[in-house]
Structures are given as C-alpha cells and as structure tokens.
Amino acid sequence: MVKINPNVKKLLYIIGFILLIWFCSYDLDWSSLSYFSWGSFASILKSMMSPEWSFFYNGSGEDVLSLMIMTVCIAFVGTAIGTVLCLPFVLLSSKNLWKKNKLIPRIGKFILDALRSFPELVYAIIFIRVVGPGPFAGVLAIGVHQIGMLGKLFTEEMEKMDEMPVEACHAVGANGLQTLFYARIPQLLPIYTSLILNHFEIGVRSASTLGLVGAGGIGAMLIFAIQGRRWGRISIVLLTIIVTVFLLDMLTGYIRKKLR
C-alpha cells in the first residue's frame, strides 16, 4: 500500500474542498449583487435601531408578548405530542429489541426517516388545509416533525446503551416488559430528557416561522411587518425572539446540568 505524504494529503483535502465550493456555487445567479446598496442597508439598520416598544404589549392579544407566549406554547405542546407518539416507533426501530427479526427495525426506521424528511413549514401548509389556519396547525406540524427527529435520536441511544443491566435482569428471570422498565428506562431517561429539552428549543425557533404560512405564533406579525416595511416593528419582534431563545437556552441548560 502506497503511503501518501501528510502534507500532500492536506493539500489534496484543501484542493478537494475548494473544488466542492466551486461546484456548489457554479450555478448560482450572482447578478443580484448588482442591486445591493450599502446606503439602503445602512438605512434599514438605522430604522431597526428604533424598535416600536409600544407594540411590545398593549393588552390586545395581538401584541408581541402575547404572540411570543403563544409561540412558546405551540412549541411546548408540539414537542410533548412528538415525545409521546415517537415512543412506539422507538420500540419498533431499535435493533437490540428485535435481535431475531431484522425487518421490523428497518420498517420502523423508514417511517421515522419519512416523517423527518419534510420541514415543519411543509407540514404546517398541509395541516392548515386539514384543520384550518391557527395555532393548532402549528402544534400538529411541530408534533409530527418531532416524532421523526426525536424517534431517530431515541432509537440511536437505545441501540448503543449498556446491555449489562438488561442481561442481569434476564438472568433473574425478568420478562421483556420488566427489563424495559427496570433496566432500559432508568439508564436512558436522563439522556432522553436532555434531547427533549434541546428539541423544545428548536421547536420554539421553528414555531416562530410557522406563522409565515398562517399556523399561528409570532411569524404572522413578522411577515406582515416585513411586507409593510415596518422596520421598528420588525426590530421589536426579532429582539423578543432572541431574548426568548436566550432565556430558554439558559433554563434548559440548567435543567440538563442537574440531570447529569
């Protein structure tokens, strides 16, 4: 086997990376850059430096604070639905639970792959046609997508868990259900909880955009403000989303730290 000089190998990697960038950007239309104006960009930034604070809360239920709370609730309920409904697929997809049958885990993983193949916006458009526009469509969109995402991660953790406690339970005569509750769940629960909290954060960011298609939350206000060039209103919406995500990140990080 021919050994390649490490420096030559690094050079080949760099050349390959440059070629990959060139290949991916070859068909992009760069002509739009001719419309870019630093003056317009600076003007927009200047306008966004003056947020419409009066629009943050006015008691109407259509203010930024009320819609941000609705967005967090959409993400929370959607994540809860996804967490519960993904568990049967986890049991179906884990290879170490079906050692004598390789077909069933493949079917389960295919279903999870199919569910997470589409972004929440696509699901939101579908559910708006089914249940009508509003927060419920957003909850269903996030819930279905989270089934696929959490199901995949839960399955991976189930498959790579330590099997020694399971074998110990089998040695004393425990059946499959007892083994699940006394050996698998106690070992996986902290990891699963951490994954749920992480995807709740992701769900909040996703729910912030679902309003763009009419699935409730703060996204609808954002798209209306963008269409009306209300830069001060856009600024207060974006600030609220940033602060909310930051606070949720601190809270969920604290909870994850306590679970270790």
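A search for C-beta distances below 6 Å between a residue of region 143-160 that is farther than 25 Å from Phe127 by Cβ and part of a helix (DSSP H, G or I) and any residue that is open to solvent by 10 Å² or more (accessible area, probe 1.4 Å) and not hydrophobic (A, V, I, L, M, F, W, C), counting only pairs 6+ apart in sequence or on different chains, returns Glu159/Lys95; Glu159/Asn96. Could you tell me whether region 14-24 includes any residue that is closer than 27 Å to Gly143 by Cβ, open to solvent by 90 Å² or more (accessible area, probe 1.4 Å), out of contact with any helix residue (DSSP H, G or I) (no Cβ under 6 Å at 6 or more places or on another chain) and assigned to a helix (DSSP H, G or I)? There is no residue in region 14-24 that is closer than 27 Å to Gly143 by Cβ, open to solvent by 90 Å² or more (accessible area, probe 1.4 Å), out of contact with any helix residue (DSSP H, G or I) (no Cβ under 6 Å at 6 or more places or on another chain) and assigned to a helix (DSSP H, G or I). When every residue of region 167-175 is checked against the conditions, at least one turns out to be more than 19 Å from Val72 (Cβ to Cβ), in contact with a Phe, Trp or Tyr (Cβ under 7 Å, 6 or more places away or on another chain) and in a helix (DSSP H, G or I).
Identify all residues within region 203-226 that are open to solvent by 60 Å² or more (accessible area, probe 1.4 Å) and at pLDDT 85 or above; write none if there are none.
At the first step, the residues of region 203-226 found to be open to solvent by 60 Å² or more (accessible area, probe 1.4 Å) are 205, 212, 224, 226.
If the condition is that a residue be open to solvent by 60 Å² or more (accessible area, probe 1.4 Å) and at pLDDT 85 or above, then Arg205 is the only one that fits.
So that you can scan it fast, the table gives a plain yes or no per residue for (1) more than 23 Å from Lys258 (Cβ to Cβ); (2) in a helix (DSSP H, G or I); (3) touching a Leu at 6+ places or on another chain (Cβ under 6 Å):
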position: Gln178; (1), (2), (3): yes, yes, no
position: Pro190; (1), (2), (3): no, yes, yes
position: Thr193; (1), (2), (3): no, yes, yes
position: Ile202; (1), (2), (3): no, yes, no
position: Arg205; (1), (2), (3): yes, yes, no
position: Leu210; (1), (2), (3): yes, yes, no
position: Ala225; (1), (2), (3): yes, yes, no
position: Arg229; (1), (2), (3): yes, no, no
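Of the set (1) within 30 Å of Glu201 (Cα to Cα); (2) open to solvent by 80 Å² or more (accessible area, probe 1.4 Å); (3) under 27 Å from the mean Cα position of the chain (by Cα); (4) among the hydrophobic types (A, V, I, L, M, F, W, C), all apply to Met49 but (3).
Filter region 133-142 for residues that are part of a helix (DSSP H, G or I) and farther than 11 Å from Glu120 by Cβ; which is most open to solvent (accessible area, probe 1.4 Å)? Working first, answer last.
Quick first cut of region 133-142, residues part of a helix (DSSP H, G or I) only: 135-142.
Checking which are farther than 11 Å from Glu120 by Cβ leaves us with 135-136.
On the way: Pro135: 56, Phe136: 119 Å².
Top of the filtered list is Phe136.
Of all residues in region 80-116, those being open to solvent by less than 40 Å² (accessible area, probe 1.4 Å) and either in contact with a Pro (Cβ under 8 Å, 6 or more places away or on another chain) or not in a helix (DSSP H, G or I) (or both) number 2. Of the candidates Thr240, Thr179, the single residue that is of a type in the set (Ser, Thr, Tyr), at pLDDT 80 or above, under 27 Å from Ile107 (Cβ atoms) and more than 17 Å from the chain's Cα centre (by Cα) is Thr179.
Within region 144-188, restricting attention to residues that are of a type in the set (Phe, Trp, Tyr) and under 18 Å from Thr83 (Cβ atoms), the residue that is least open to solvent (accessible area, probe 1.4 Å) is Phe154.
The values are calculated or read from the model by the stated rules, or taken from the named source; none is laboratory data. If you're wondering where the values come from, they're calculated on a predicted model, not measured in any experiment. So basically every Cβ, Gly included, is an ideal-geometry build from the backbone, and we count neighbours across all protein chains shown. These area figures cover heavy atoms from the full protein model, side chains too; ligands, DNA and RNA do not enter into them. Shrake-Rupley method; radii C 1.70, N 1.55, O 1.52, S 1.80 Å.
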